[in-house]
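Some notes on the structure that comes next.
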Amino acid sequence: MGFRDANSKGQTDKAYHMDFTRSAEHDQIAEMVAEFVDEEVKPRAATIDKADEFPADLVAEMSDLGLMGMPFPEEYDGAGLDYHTYATALSEIARGSGGLGTVVAAHTSLAGNMVYEYGSDDQKHDYLAPLSRGDDIGAFALSEAGAGSDVPAMETTAQRDGDAYVISGEKLWISNGSVADTVTVFAKTDPDAGHRGISSFIVRPAEDDGFIVAGTEDKLGDKGCPTAELRFDDMRVPADRLLGEEGDGFKHALETLNGGRITIAARSVGLARAALDDAREYAQDRDQFGQAISDFQTIQHKLADMDTKLQAAELLMHKAADLKIRGESFIKEAAQAKLYASEISREVANEGIQIHGGYGYTKDFDAERYYRDAKLNEIYEGTSEILRNTIANELLE
């Protein structure tokens, strides 16, 4: 599967010749993950949602299947898969459980990718390899109470003290934060330098004194993925855990989130597919006025629109993935994929509830869970409002 650029990079009339031929490996991985989801995840999804507990056993099974380090090289114990295959696999995981999809996305696309892209070779062997194997769980600690979309407003600081940095501050809304073994943390090493004073670090909660999980959020959806508030009380981190150079952190964050948006598009695609599959099945089984409601044109039109939106979102996801694979700029394409896929996932889930009628509003059916899980896609890793700004800036540039 790939896209061929017919015009020069950066043109607004860029055209793509699309090659939809999927490799045998892609199909094999997709089928393996789909089977795992159908047999192990979907039967547990409602229980995970109700209990809101981290499904450690399912994560361990995914580790055994090589799903916790999919895009990383085998040199660092990853699976060495391309981004098309990784995005497809993640969409399958999210089809089973939105929370489990976030667990994998935060672990891989954010925490793992930070170490892979900006870590030294020693850091990759020491910290990325255990993440790739699934021996360790990763988290990405960027947001704060007063610094969500406005990253430079962060107040967490890191002061050099001999052979260590002393990190002080708080982070909020950190996926996997309470269960992580490795956390990439952003802090200001030069508070007076704005975004140029932000640096990034590898933090090990079990080893670094002063790392405190202050609590976890009770969320609308995304259950099973703990979203934590973290506090750093004069936490000493060895200086060799600095990623890159001092002042590189803001660039690290933007570039990492850009790639992460492809995986949020994948999570959105997976949830939309789950909502469509359930709605179609229900419509064929539900009789009203002496016939299945799928025989009514109004329902048929809903299903047609749901599927069309899903197909378009999946194409945008793969377009962004293809540009990333080829090493070309994919800022606009990743933003578009995430923006469109996240919004249509909510729309498709909403129509799924409507097709289910009153049953869709109850927890006896999964339709309402898809809606709750889908809403998050429009918020994290770039709100829809911020993404529209990003797309417009790329167009006007």
Residues of the range 104-124 being farther than 20 Å from Phe186 by Cα and surrounded by 24 or more Cβ atoms within 10 Å (Cβ to Cβ), which ones?
-> Val104
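Inspect all residues belonging to the range 337-351 and state whether any of them is in contact with a helix residue (DSSP H, G or I) (Cβ under 8 Å, 6 or more places away or on another chain) and more than 26 Å from Trp173 (Cβ to Cβ).
Looking only at the range 337-351, we keep the residues that are in contact with a helix residue (DSSP H, G or I) (Cβ under 8 Å, 6 or more places away or on another chain), and these are 337-351.
Add one more test, that the residue is more than 26 Å from Trp173 (Cβ to Cβ), and what stays is 351.
Scanning the range 337-351, I find at least one residue that is in contact with a helix residue (DSSP H, G or I) (Cβ under 8 Å, 6 or more places away or on another chain) and more than 26 Å from Trp173 (Cβ to Cβ), so the answer is yes.
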Give the residues of the range 257-294 that are more than 20 Å from Ala94 (Cβ to Cβ) and polar (S, T, N, Q), sorted by residue number.
-> Gln284, Gln288, Gln291, Ser294
Run down Ala206, Ala193 and say which single residue is part of a helix (DSSP H, G or I), surrounded by fewer than 24 Cβ atoms within 10 Å (Cβ to Cβ) and at pLDDT 95 or above.
-> Ala193
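Residues are listed down the side, and each one gets a yes or a no for (1) crowded, with 23+ Cβ neighbours inside 10 Å; (2) modelled with pLDDT of 95 or more; (3) out of contact with any Ser or Thr (no Cβ under 9 Å at 6 or more places or on another chain); (4) in a helix (DSSP H, G or I):
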{"residue": "Asp233", "(1), (2), (3), (4)": "no, yes, no, no"}
{"residue": "Asp240", "(1), (2), (3), (4)": "no, yes, no, yes"}
{"residue": "Gly259", "(1), (2), (3), (4)": "no, yes, no, yes"}
{"residue": "Ala265", "(1), (2), (3), (4)": "yes, yes, no, yes"}
{"residue": "Ala283", "(1), (2), (3), (4)": "no, yes, no, yes"}
Within the range 263-298, how many residues turn out to be over 30 Å from Phe330 (Cα atoms) and touching a Lys or Arg at 6+ places or on another chain (Cβ under 9 Å)?
-> 6
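Answer yes or no: is there a residue in the range 150-162 that is within 26 Å of Ala313 (Cβ to Cβ) and open to solvent by 30 Å² or more (accessible area, probe 1.4 Å).
The first filter runs over the range 150-162 and keeps only residues within 26 Å of Ala313 (Cβ to Cβ), leaving none.
For the range 150-162, residues within 26 Å of Ala313 (Cβ to Cβ) and open to solvent by 30 Å² or more (accessible area, probe 1.4 Å): absent.
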Would you check if Ile391 is farther than 29 Å from Lys42 by Cβ, open to solvent by less than 40 Å² (accessible area, probe 1.4 Å) and touching a residue at least 12 places away in the same chain (Cβ under 8 Å)?
-> yes
Take Leu67 and decide whether it is in contact (Cβ under 8 Å) with a residue 12 or more places away in the chain, buried (at least 22 other Cβ atoms within 10 Å of the Cβ) and not acidic (Asp, Glu).
-> yes
Take the range 326-377 and flag every residue that is of a type in the set (Gly, Ala, Ser), over 19 Å from His301 (Cβ atoms) and open to solvent by 20 Å² or more (accessible area, probe 1.4 Å).
-> Gly327, Ser329, Gly358
Would you check which residues across the range 168-177 are free of Cβ contacts under 8 Å to residues at least 60 places away in the same chain and either over 24 Å from Pro152 (Cβ atoms) or in a loop (DSSP other than H, G, I, E, B) (or both) and list them?
-> Gly177
Considering residues of the range 80-101 that are polar (S, T, N, Q) and in a helix (DSSP H, G or I) only, the residue nearest to the chain's Cα centre (by Cα) | Ser91
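Criterion first (open to solvent by 30 Å² or more (accessible area, probe 1.4 Å), of a type outside the set (Gly, Ala, Ser), under 29 Å from Ala139 (Cβ atoms) and assigned to a loop (DSSP other than H, G, I, E, B)) does Tyr380 satisfy it? First the steps, then the outcome.
Values: open to solvent by 30 Å² or more (accessible area, probe 1.4 Å): yes; of a type outside the set (Gly, Ala, Ser): yes; under 29 Å from Ala139 (Cβ atoms): yes; assigned to a loop (DSSP other than H, G, I, E, B): yes.
Considered against the rule, which asks whether it is open to solvent by 30 Å² or more (accessible area, probe 1.4 Å), of a type outside the set (Gly, Ala, Ser), under 29 Å from Ala139 (Cβ atoms) and assigned to a loop (DSSP other than H, G, I, E, B), Tyr380 comes out as yes.
The values are calculated or read from the model by the stated rules, or taken from the named source; none is laboratory data. Keep in mind that this is a model prediction, so the values were computed, not measured. Don't worry about glycine lacking a Cβ; one is built from the backbone with ideal geometry, like all the others, and counts go over all protein chains shown. Quick note on the areas: whole protein, heavy atoms, side chains included, nothing else; ligands and nucleic acids left out. Shrake-Rupley method; radii C 1.70, N 1.55, O 1.52, S 1.80 Å.
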